[in-house]
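Read the figures in this text as sums done on the coordinates, not as results from a lab. Note that the structure is predicted; figures quoted are calculated from it, not measured. Neighbour counts are summed over all protein chains in view; Cβ atoms, including those assigned to glycine, are modelled from backbone coordinates with ideal geometry.
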Amino acid sequence: MVFTASSSSAQFSSAQSSSAQSLRGFRGAFLDFLEDPFYQPESEAVRYIPDGLLVVEAGNVKAFGAYETIRPQYVDLPITTYADRLLMPGFIDLHLHFPQTEMIAAYGEQLLEWLNKYTFPTERRFQDMAHAQKIAVAFIDELLRNGTTTAVVLAAVFPESAEALFAEAERRNLCLIAGKVMMDRNAPDFLTDTAASSYDQSKQLIEKWHRRGRLRYAVTPRFAPTSTAAQLELAGLLLQEYPDVYLHTHLSENVSEVAWVQELFPNSDGYLDAYDQAGLVTERSIFAHCVQLTDREFQRLSEAKSTIAFCPTSNLFLGSGLFKLEQAKSVQAPIHVGLATDIGAGTSFSMLQTANEAYKVAQLRQQRLSPFQALFLATLGGALALGLEAELGNFNVGKAADFVVLDLQATPIMALRNPTLPDSLAELADSAFSLIMMGDDRSIQATYIQGEIAYARSSR
């Protein structure tokens with residue numbers, strides 16, 4: 001039986017003249033999303049197929065639906081079966097720092113002190129291409145080991161760091177949006193560029209890497225305090241010159257940070273306005289954190305169709321505050337939101353653990369975040385936020401076959417909690433919640449990029 005909005009399986013045409021050898025099938029239980037469960041009933045937004053078949057051709061979804069419906073159309077199809085496993089679209093991480101990989105879990109500071117004590121000295125090493133390449137391998141290994149197949153990433157200020165990251169992502173066929181950090185003040189001399197050099201270097205990286213395969217570029221001023229008005233204006237110029245690149249930065253994370261921005265940009269009407277005056281608030285802008293936003297700033301982000309990257313583990317770790325998810329996902333002024341690990345202030349590469357902390361943030365605000373809403377934010381919600389919903393985010397035909405195989409029995413206590421896969425949406429909600437609360441990298445049995453295995457868990 002298939003549980004979807006229409007209570008019927010997807011129907012697709014018979015296999016065409018492609019040879020069977022070019023097709024691959026994957027059988028298991030499937031969960032994905034067709035609509036936003038913050039605004040639509042979960043019975044309509046969630047698609048659950050307890051016994052499904054995914055057919056992949058040339059890296060994309062060729063057919064998808066109930067096994068009994070799809071299988072007769074592909075008689076000679078080679079099938080990989082994942083019994084008692086849940087298959088979902090690959091996770092989408094909207095904000096993390098590649099150069100902070102090796103300093104994750106650094107003790108005892110809040111944002112501004114933490115940057116000076118730990119982050120800036122660590123990022124200095126990324127001027128060395130060999131070091132950047134070494135960490136790029138470890139970084140993408142961790143993404144895949146945690147089921148993340150698309151990520152929005154900050155490199156260091158050095159172009160070498162972005163080069164190393166893009167090259168490794170290209171080698172793995174990862175969907176990656178990244179950029180070199182722009183920062184021309186309020187940082188150590190060894191870690192600053194200039195407004196002009198940041199523009200030139202970013203432009204060169206855009207020309208080389210943007211839309212090369214599955215790669216895309218994000219113009220990346222680190223955050224307003226480390227950029228002069230001139231640098232922000234040149235970042236805005238890059239957005240004008242390359243309208244399909246992204247803007248990726250931080251916004252209103254910490255109370256002291258917000259006050260500092262007002263001192264540095266006295267002519268701005270708040271933190272967001274410092275970016276807005278430079279033309280950086282657009283429908284392709286991704287703003288991380290947004291913990292201290294005013295009501296007016298929430299409204300402006302909604303009007304601009306910008307995106308918020310919700311980073312619960314780092315917001316708790318650095319004591320920044322509790323994100324107002326209910327306001328961002330309001331009916332009156334809706335904003336695109338996705339989940340983000342924010343490595344290395346974030347404490348885990350796992351999007352399951354990130355969803356865990358997001359639930360707790362909502363609880364502390366006397367709000368509810370359902371397991372389906374949380375998993376939506378990590379999949380289709382992220383794709384919608386990036387404007388990539390035509391390519392990613394669920395198992396609709398034509399989309400990239402990026403997916404993760406989840407083990408709901410990955411630990412003894414999880415096996416006790418989830419002895420069998422559920423047959424209904426109501427039972428699935430309970431199992432999905434337990435997965436979020438107790439799951440982590442151990443719950444990832446396999447990660448696939450365009451139908452090819454990119455990570456497989458060792459036998460336990």
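Numbers at a glance
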| read-out | value |
| --- | --- |
| Residue (of Ala328, Ala383, Phe317) at the positive-pole extreme of the stretch 91-386, dipole from beta-carbon charges | Ala383 |
| For His131, His97, order by how many other beta-carbon atoms lie within 10 Å, fewest first | His131, His97 |
| FRET efficiency estimate (nearest 0.05) - Cβ-Cβ, Ala196 to Arg125, R0 30 angstrom | 0.75 |
| Cβ-placed point charges (K, R +1; D, E -1), dipole of the stretch 143-208 about Cα centre in debye, nearest 20 | 320 debye |
| For the stretch 207-247 versus the stretch 65-81, the gap between their alpha-carbon centres in whole angstrom | 44 Å |
| Other-chain or far-sequence residues with amide H under 5 Å of Val337's (modelled H) | Ile308 |
| Dipole of the chain, positive end: most advanced residue of Phe98, Leu86, Thr354 [Cβ charges, Cα centre] | Leu86 |
| Listed residues Ala136, Gln110, Ala374: farthest to the positive end of the dipole of the stretch 91-386 (Cβ charges) | Ala374 |
| Potential extension, Gln262-Arg368 segment - 0.36 nm per residue separation minus Cα distance | 34.8 nm |
| Difference of contour (0.36 nm per residue) and Cα-Cα distance, Val255 to Asp84 | 56.9 nm |
| Only Lys, Arg (+1) and Asp, Glu (-1) charged, at Cβ; the stretch 381-460 dipole about Cα centre in debye | 240 debye |
| Computed helical MRE - 222 nm, the chain, DSSP H runs ≥ 4 contributing -39500 (n - 2.57), nearest 500 | -9500 deg cm²/dmol |
| Reach of Lys180 by Cα under 26 Å, taken over lysines that are not fewer than 8 positions away in the same chain | Lys117, Lys134, Lys203, Lys208, Lys305 |
| Charged-residue dipole, Cβ positions (Lys, Arg, Asp, Glu), the chain about Cα centre, Debye nearest 20 | 800 debye |
| Sequence of Val152, Val75, Val137, Val258 once ranked by neighbouring C-beta atoms within 10 Å, starting from the fewest | Val75, Val137, Val258, Val152 |
| Residues Trp260, Trp209, sorted so that the one with the fewest Cβ neighbours within 10 Å comes first | Trp260, Trp209 |
